[in-house]
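Colleague: One structure, pasted below without further comment.
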Amino acid sequence: MDAWMTLKEKKSESELLAGLIGEADAVVVGIGAGMSAADGFTYVGERFKNNFPDFIEKYNWFDMLQASLYKFPTWEEYWAFQSRFIVLNYLDQPRGEAYTALKEMIEKKPYHVITTNADNAFYAAGYNMDKVLYYQGEYALMQCSRFCHDKTYRDDDLIRRMAEEQQDMKIPSELVPHCPKCSAPLEKNKRTAEKGMVEDAKFIAERDAYNAFLKDHQKGKVMYLEIGVGHTTPQFIKHPFWRQTRQNEDALFVTMNQKTYRILEAIKSQAVFLTDDIQKTILNACKN
Ligand SMILES: [Zn+2]
């Protein structure tokens, strides 16, 4: 912690963020749902209500992410919901301001991103996608629902047709996509607790690139910057970041979250908590 000059002065959160990124040798960024929510890509409230009034009336859901994990009774209904969800959260996702500002700050440094989000925010903000690992899948990709082979498929036109041609929360049966190998219906490529997800060659190459980056930056002033990461899946970002911080006395774990979470005692002295509004802090830091 002594290595970080920025921490020796009292600064606002945005000055801290800008200063720490500025003096870091490398930045490992972990992004969770809170970052997308900060840019307005929320899963609750108006955005959900306006796009899914029929499903909400039928099922009384209040959270779009939770709804997307529902075990729908038919594939026609599954794809009616998912196609609209994918158009909203991937195909037509606009550029986020905080995502863009963050990119401008970190791209001057060696950096790599890991995210548990499956939306399209990084692409929309113009990131170099070779530096982004989508650990939990991507909404626009499809996989065999029986996991019979390790390949994913993408067909944006089909997804849009499903969204447009559905009636009464069902797509026409002939639009349900099927696995070319075993004929089982295709489903979204999204990791779930009980099934995991199909990991194709591209995913494995991206995971290898991320791990290689971590290996190359085990010493020096490495900043593990966690933004909007909650506690639902700490095994992917939070806990590995803690472990890596602990193994390098010059490393810093910086967490941006409006809720404060319990932290491992052993790295308390290497941790910085930023609890102000995520979007405002990043936008102000970028101006510094
Ligand atoms: Zn199959």
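The values are calculated or read from the model by the stated rules, or taken from the named source; none is laboratory data. Not measured: the values here are computed from a predicted model. Here Cβ is always computed from backbone atoms with ideal geometry, including for glycine, and neighbour counts include all displayed protein chains.
Colleague: Go through (1) under 19 Å from the mean Cα position of the chain (by Cα); (2) among the basic types (Lys, Arg); (3) more than 16 Å from the ligand (Cβ to nearest atom) and name the single condition Lys188 misses.
Modeller: The failed condition is (3).
Colleague: While we're here: Applying the selection to the stretch 149-183, what residues are surrounded by 15 or more Cβ atoms within 10 Å (Cβ to Cβ) and within 16 Å of the ligand (Cβ to nearest atom)?
Modeller: Across the stretch 149-183, the qualifying residues are Lys151, Thr152, Tyr153, Val176, Pro177, Cys179.
Colleague: For Gly228, state whether it is of a type outside the set (A, V, I, L, M, F, W, C), within 20 Å of the chain's Cα centre (by Cα), at positive phi and buried (at least 18 other Cβ atoms within 10 Å of the Cβ). Write out each step before concluding.
Modeller: Working: of a type outside the set (A, V, I, L, M, F, W, C): yes; within 20 Å of the chain's Cα centre (by Cα): yes; at positive phi: yes; buried (at least 18 other Cβ atoms within 10 Å of the Cβ): yes.
In short, yes.
Colleague: Name the residue, out of Thr115, Thr100, Thr74, Thr42, that is crowded, with 22+ Cβ neighbours inside 10 Å, among the hydroxyl-bearing types (Ser, Thr, Tyr) and on the phi < 0 side of the Ramachandran plot.
Modeller: Within the list Thr115, Thr100, Thr74, Thr42, the selection yields Thr115.
Colleague: Could I ask something else about it? On the given criteria, is Glu265 exposed (fewer than 14 other Cβ atoms within 10 Å of the Cβ) and out of contact with any strand residue (DSSP E or B) (no Cβ under 7 Å at 6 or more places or on another chain)?
Modeller: On the way: exposed (fewer than 14 other Cβ atoms within 10 Å of the Cβ): yes; out of contact with any strand residue (DSSP E or B) (no Cβ under 7 Å at 6 or more places or on another chain): yes.
Spelling it out, Glu265 is indeed exposed (fewer than 14 other Cβ atoms within 10 Å of the Cβ) and out of contact with any strand residue (DSSP E or B) (no Cβ under 7 Å at 6 or more places or on another chain).
Colleague: Kindly indicate which of Met64, Met5 is under 23 Å from the mean Cα position of the chain (by Cα) and either among the aliphatic types (A, V, I, L, M) or at pLDDT 95 or above (or both).
Modeller: Details: Met5 fails: under 23 Å from the mean Cα position of the chain (by Cα).
Sole residue among the options that is under 23 Å from the mean Cα position of the chain (by Cα) and either among the aliphatic types (A, V, I, L, M) or at pLDDT 95 or above (or both): Met64.
Colleague: Report, by residue number, each residue of the stretch 122-147 that is within 16 Å of the ligand (Cβ to nearest atom) and either in contact with a Gly (Cβ under 7 Å, 6 or more places away or on another chain) or closer than 14 Å to Pro177 by Cβ (or both). Break it down into steps so the answer makes sense when it comes.
Modeller: Just the residues of the stretch 122-147 that are within 16 Å of the ligand (Cβ to nearest atom), to begin with: 141-147.
The answer is Leu141, Met142, Gln143, Cys144, Ser145, Arg146.
Colleague: State yes or no: is Gly220 closer than 24 Å to Lys108 by Cβ, surrounded by fewer than 18 Cβ atoms within 10 Å (Cβ to Cβ) and either in contact with a strand residue (DSSP E or B) (Cβ under 9 Å, 6 or more places away or on another chain) or aromatic (Phe, Trp, Tyr) (or both)? Give the derivation first.
Modeller: Working: closer than 24 Å to Lys108 by Cβ: yes; surrounded by fewer than 18 Cβ atoms within 10 Å (Cβ to Cβ): yes; either in contact with a strand residue (DSSP E or B) (Cβ under 9 Å, 6 or more places away or on another chain) or aromatic (Phe, Trp, Tyr) (or both): yes.
Yes: the conditions hold for Gly220.
Colleague: If you scan the stretch 133-151, which residues turn out to be small (Gly, Ala, Ser), farther than 8 Å from Asn189 by Cβ and not in a loop (DSSP other than H, G, I, E, B)? Can you show your working first?
Modeller: First, pick out the residues of the stretch 133-151 that are small (Gly, Ala, Ser): 137, 140, 145.
Still in the running and farther than 8 Å from Asn189 by Cβ: 140, 145.
Residue satisfying the conditions is Ala140 alone.
Colleague: Among the residues of the stretch 32-55, is any assigned to a loop (DSSP other than H, G, I, E, B), in contact with a strand residue (DSSP E or B) (Cβ under 7 Å, 6 or more places away or on another chain) and charged (D, E, K, R)?
Modeller: So far as the stretch 32-55 goes, no, none of its residues is assigned to a loop (DSSP other than H, G, I, E, B), in contact with a strand residue (DSSP E or B) (Cβ under 7 Å, 6 or more places away or on another chain) and charged (D, E, K, R).
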